[in-house]
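Working notes for the structure below.
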Amino acid sequence: MLTNLTLHYGWWLLALVLIGAELMIPGFFMLWIGVAAAAMGLMLMLLPELSFLIQAVLFVALALISCYIYWRFVRAAVNERSDQPNLNRRAEQYIGRRYVLDTAIVNGRGKVKVGDSPWLAEGPDLPAGSEVEVVGVDGSALKVQKAS
């Protein structure tokens with residue numbers, strides 16, 4: 001019994017380390033693998049005769065299942081509930097807005113001033129001072145076209 005108890009602690013310790021790593025490097029990936037490790041600790045408590053190979057296979061399966069459940073259901077539900085889905089996507093918040101070109105667009109690239117920050121603008125060649133509308137985002141570059 002004491003030997004199996006230490007195996008429980010091994011899985012639970014792994015779960016704590018993975019969940020702690022999630023706190024240090026957020027992204028919701030380690031959390032779900034940690035949940036799988038905690039589930040293995042509980043499973044080993046109920047079925048102490050499991051061999052290490054079966055434990056490892058079950059852990060991998062539980063980790064994949066828990067990550068899939070997060071990716072398919074939890075993540076989608078959290079994104080649907082948000083009243084500001086572009087909160088951490090600052091550039092996407094500018095789509096549809098109009099700005100004045102700070103630097104002329106030459107060879108498809110120029111600068112537009114958004115607030116007090118210059119942003120890279122990509123679009124048709126236009127002179128500085130032209131009014132443009134943001135129609136898309138490519139990384140940190142704003143895709144613009146001449147405002148109509």
Notebook entry, point to check: Is there any pair linking a residue in the stretch 135-148 that is of a type in the set (Ser, Thr, Tyr) to one that is at pLDDT below 90, with Cβ under 7 Å and at least six apart or on different chains, and which?
Noted result: Ser140/Ala91
Check: In the stretch 23-63, what count of residues is obtained for those that are open to solvent by 40 Å² or more (accessible area, probe 1.4 Å) and of a type in the set (S, T, N, Q)?
Finding: 1
Note to self: With the requirement that a residue be open to solvent by less than 60 Å² (accessible area, probe 1.4 Å), under 30 Å from Gly27 (Cβ atoms) and not hydroxyl-bearing (Ser, Thr, Tyr), what does the stretch 97-143 give you?
What the structure shows: Val114, Trp119, Leu120, Glu122, Val134, Gly136, Val137, Ala141, Leu142
Next item on the list: Could you tell me which numbered condition Ser66 fails, if it satisfies all but one of (1) farther than 30 Å from His8 by Cβ; (2) hydroxyl-bearing (Ser, Thr, Tyr); (3) open to solvent by less than 30 Å² (accessible area, probe 1.4 Å)?
Entry: (1)
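The values are calculated or read from the model by the stated rules, or taken from the named source; none is laboratory data. Keep in mind that this is a model prediction, so the values were computed, not measured. All Cβ positions, glycine included, derive from the backbone under ideal geometry; neighbour counts span all protein chains shown. Just the protein is used for accessible areas: all its heavy atoms, side chains included, with ligands, DNA and RNA removed. Shrake-Rupley method; radii C 1.70, N 1.55, O 1.52, S 1.80 Å.
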